[in-house]
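*Asks:* This structure is in structure tokens; I'll ask about it shortly.
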Amino acid sequence: MLEDVWEGYDDESFVPPDPEPQPWEAEDFDVWIDELAALDPERELTVAEILHAAEHGPVAQIPLAALAGLDPASLSDGQRIAVAVAGQRIENHGVGVRLRATAAFAGPVAPTDTRSLAAFAWTDLAGALHVGEGTARAMAVDARRLGSHLPDTLTAMVSGALSWTKARTLLDATREMNREQCAAVQAKVLPEAAQRNNKQHSSAVGYHCQKIDPDSWRKRRDRKLADVALIRDEHGDGVADLLIRHLDSSSADTLWTAADTWARQQKASGDTRTLDALRVAALVDWAQRYLTGTPIRDGQQPDPAPTRHGMPVTVNVLIDLATLLAAATGDTSGVARLASGPTLPATDVADLLHQQIGIRFALLDHNGQLTGVSGDRHDPSALLRLFIALRDITLRTPGGSTTVIAGQDLDHLDEDGPTSPGNLHAPSRGWHRAKTFKHWTVTANPDGTITWTSRRTGRTYTTHPFDHRAGP
């Protein structure tokens, strides 16, 4: 057979063709070696490969361990920016994954049965994610809406391309739209959303919402006004923000005009504070006068001070006697604490005393737990309510809470048990309903802790009595 193959090739002029060059004989041998090595799944990635995959590759395949192991100090400026971009993509992806799971847990649509498991899905979210009731409720609502009306937005988040801030803009702007209208808005804004900053994205969303649903402005306004709220945000260092959310423009103008006029009058009288500080002081002045029944103008008859559950409304301050006495002599080193949580200089307590705002003293045991309070009334139910409010300070619910107990309903831990401090706590109305409809069981433990157990997931969360010595 070989003779047949080579027959006709005995001509001396025949020159056999050059064999194909082997890779190891090529001039770009080093390149070939690099390409071959890149196919090895066990090899260590280079910094350039890590950053390229993190910045441009599928977000679910980002080499997280390798990325976290990079020392920014050893990177170039361009590489540091790549790490920042990767971090943003990972953050977007993580929030998207959380919301996708939340949507599946909460259910595809808002429940019509207010006693169902789905209606109380937020309670399990609050406990597992350690968030407050309002945050958990909003999370369930938003996740449902993303899953049912804005699935492309959720997909863009999971891919790492869309931030929660931009997704939230879409949620808010399309809240009153149906699925078809939401799909039309997504088709217009999502292709360019990753390249726009937040302001540009908001403008684009607003423009296309107006084009697709001309009535959306009125609907959004009505919805926002229904969500009016006064929000207190503590910084943790004795400073807080107070925000009035979703107030109608005329009421906002009334508040501003009144506060600004009062501030300018005080300024003209010689007050050295800034106008901004005085505008805020105008609201504080009204609050102090209202709580103490002090008339606004001299010569007017004082109004009766307001009450809550039969007791005078007070600003409760926790401070030990030694610190209070030291502050009265000019010592500025002491620290007191408002019952609502934040700390304040002990010298500020003297100002509250001058304003005739109620100060109560607390008797603590060796564990820092409240065992008694001072009081000037003998109504047992009112004093018991005061005791619970100062013992626990804030609601003892899964996920934690910064909502103070004053004004909340008291609930028996054991429905058949006594009306005593050990068998009472003050949940919010939402948590109270969750317990009433048997979605959660609540147990008082001998050490003063309270254990909540979810019927749906079986998870348990234990809250502890407030340690008045250690603070929040």
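What follows is calculated from the coordinates using simple rules that are stated; it is not laboratory data. Everything numeric in this text was worked out from a predicted model, so none of it was measured. Note that we place each Cβ from the backbone using ideal geometry, even for glycine, and neighbour counts take in every protein chain shown.
*Asks:* Would you tally the net charge around Gly430, using a Cβ to Cβ cut-off of less than 9 Å, leaving Gly430 out, and scoring K and R as +1, D and E as -1?
*Replies:* Residues near Gly430 contribute +2 overall.
*Asks:* Just report the Cα centroid separation between segment 44-81 and segment 122-176, whole Å.
*Replies:* Here the answer is 29 Å between Cα centres.
*Asks:* Across segment 75-234, how large is the tail of the calculated P(r) beyond 24 Å, expressed as a percent of all Cα pairs?
*Replies:* Details: 5179 of 12720 pairs.
Value for segment 75-234: 41 percent of Cα pairs lie more than 24 Å apart.
*Asks:* Which whole-Hz ³J(HN,Hα) couplings does segment 429-445 yield from phi under the Karplus relation 6.51 cos²θ - 1.76 cosθ + 1.60, θ = phi - 60°, glycine and proline marked x?
*Replies:* Ordered by residue, 3J(HN,Hα) equals 4, x, 5, 4, 5, 4, 6, 4, 8, 6, 6, 9, 10, 10, 10, 8, 9 Hz.
*Asks:* With 10 angstrom as the radius, rank Asp416, Asp409, Asp260 by how many other C-beta atoms surround their C-beta, starting from the fewest. Please report the intermediate quantities before stating the final value.
*Replies:* Details: Asp416 6, Asp409 12, Asp260 15.
In order of increasing Cβ crowding within 10 Å: Asp416, Asp409, Asp260.
*Asks:* Based only on Cα atoms, what Rg/Rh ratio does segment 26-162 have, Rh being taken as Kirkwood's radius? Don't skip to the answer; put the middle values down first.
*Replies:* Working: Rg = 20.9 Å, Rh = 17.7 Å.
Result: Rg/Rh = 1.18.
*Asks:* Then there's this: Whose amide H sits under 5 Å from the amide H of Ala336, counting only residues 5 or more places off or on another chain, with H placed in the peptide plane?
*Replies:* Under 5 Å from the amide H of Ala336: Leu344, Ala346.
*Asks:* With θ set to phi - 60°, apply the Karplus curve 6.51 cos²θ - 1.76 cosθ + 1.60 along segment 276-290 and write out the HN-Hα couplings as whole Hz, x wherever there is a Gly or Pro.
*Replies:* 4, 5, 6, 4, 5, 4, 4, 5, 5, 4, 4, 5, 5, 5, 5
*Asks:* Under the rule a/c < 1.5 gives rounded, and otherwise a/b versus b/c splits prolate from oblate, where does segment 385-435 land using the Cα gyration tensor?
*Replies:* Numbers: a/c = 1.89, a/b = 1.17, b/c = 1.62.
Taking the square roots of the gyration eigenvalues as a ≥ b ≥ c, segment 385-435 is oblate.
*Asks:* Multiply the residue gap between Asp414 and Ala60 by 0.36 nm, knock off their C-alpha separation, and tell me the result in nm, one decimal place. Working shown, then result.
*Replies:* Values: separation 354, 0.36 × 354 = 127.44 nm, distance 4.79 nm.
So the extension gain works out to 122.7 nm.
*Asks:* Neighbouring Cβ atoms within 10 Å as the yardstick, rank Trp431, Trp122, Trp256 fewest first. Numbers along the way, then the final one.
*Replies:* Working: Trp431 28, Trp122 25, Trp256 11.
With the sparsest Cβ surroundings first, the list reads Trp256, Trp122, Trp431.
*Asks:* Return the long-range amide H neighbours of His425 (sequence gap of 5 or more, or a different chain), with a cut-off of under 5 Å between placed amide H atoms.
*Replies:* Those lying under 5 Å, H to H, from His425 are Asp411, Leu413.
*Asks:* For the peptides 197-209, 163-175, what is the packing order when you average, over each peptide's residues, the other Cβ atoms within 10 Å and list the highest mean first?
*Replies:* Values: 197-209: 16.0, 163-175: 20.1.
Result, highest mean first: 163-175, 197-209.
*Asks:* Past 31 Å, Cα to Cα, is the threshold; run Lys224/Lys438; Lys199/Lys219; Lys166/Lys219; Lys188/Lys224 against it and keep the listed order. Write out the running numbers ahead of the final one.
*Replies:* Numbers: Lys224/Lys438 33 Å; Lys199/Lys219 22 Å; Lys166/Lys219 20 Å; Lys188/Lys224 24 Å.
With Cα atoms farther than 31 Å apart: Lys224/Lys438.
*Asks:* Counting other C-beta atoms within 10 Å, which of Ser76, Ser251 has the fewest, and how do the rest follow? Walk me through the numbers on the way to the answer.
*Replies:* Details: Ser76 9, Ser251 12.
The order, fewest Cβ neighbours first, is Ser76, Ser251.
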